[in-house]
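Reading through the structure tokens given below for one structure.
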Amino acid sequence: MADCLFCRIVAGDVDADVVHETERTLAFRDINGQAPTHVLVVPRVHYDDAAALAAGDPEAAAELVTAAAAVAEAAGHDDYRLVFNTGPSAGQTVFHTHLHLLAGRSFTWPPG
Ligand code: 5GP
Ligand code: ZN
């Protein structure tokens, strides 16, 4: 999708600090990090949200999680938080599936 920011990052048309790549995923640092490690893991193919990805490409959905775990392990984090914001009122602002990996500090629950 030409007008999708994360499609443009996957295509290399927009710069990003890429930290991990797999066949189906790309992981890059969030531009506005909320933790010492804040990485976004996205499928290379466009889906609007996590449920759409899981329905359309279950292997890619699983690969988002295994990629995030690999990034966490490589950064030395045993504990981390994974988040899929889905829909505007849940905080989704970019409508290309992305898994937030947050690590390197303590997190509270419930989230804000
Ligand atoms: P959402 O709010 O949709 O769950 O997450 C979107 C995330 O994308 C936000 O955390 C935001 O900081 C990040 N973001 C927005 N624009 C860019 C960008 O151009 N580059 C990178 N690396 N992250 C971005
Ligand atoms: Zn996209």
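The values are calculated or read from the model by the stated rules, or taken from the named source; none is laboratory data. Nothing here was measured: the structure is a model prediction, and the numbers come from that model. As a convention, Cβ positions derive from the backbone with ideal geometry for all residues, glycine included, and neighbour counts pool all protein chains shown. Keep in mind that these areas ignore ligands, DNA and RNA; they rest on the heavy atoms of the full protein, side chains included. Shrake-Rupley method; radii C 1.70, N 1.55, O 1.52, S 1.80 Å.
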Cα gyration tensor shape of region 3-105, rounded if a/c is under 1.5, else prolate or oblate by comparing a/b with b/c: rounded
Carbon/sulfur fraction of accessible area - the chain, other protein chains in place, 1.4 Å, %: 52 percent
Local electrostatic count, Phe95, Cβ distance below 10 Å [Lys/Arg +1, Asp/Glu -1]: -2
Note, ³J(HN,Hα) from phi for region 71-80, Karplus 6.51, -1.76, 1.60, rounded to Hz, x at Gly and Pro: 5, 4, 5, 5, 8, x, 9, 7, 10, 7
15 Å beta-carbon shell around Ala74, net charge (K/R +1, D/E -1): -4
Placed amide H near Val19: partners under 5 Å, 5+ positions off or other chain: Ala27, Phe28, Arg29
Per residue solvent-accessible surface (Å²) - region 28-112, probe of 1.4 Å: 55 Å²
Estimated FRET transfer efficiency when R0 is 25 angstrom, pair Asn85-Asp3 (beta carbons, to 0.05): 0.80
Candidates Ala69, Ala11, Ala51: whichever shows maximal mean-square fluctuation once the chain is modelled as a Gaussian network with Cα springs under 10 Å: Ala11
From phi via Karplus (6.51, -1.76, 1.60), per-residue ³J(HN,Hα) for region 96-110 in Hz, x at Gly/Pro: 10, 2, 8, 9, 7, 10, 10, 7, x, 8, 7, 10, 9, 9, x
Extension reserve of the Asp15-Thr93 stretch, reckoned as 0.36 nm per residue once the Cα distance is removed: 26.2 nm
Heavy-atom accessible area ranking, 1.4 Å probe, most first, across Ser89, Ser106: Ser89, Ser106
Radius 14 Å from Cβ of Phe28, net charge of other residues (Lys, Arg +1; Asp, Glu -1): -2
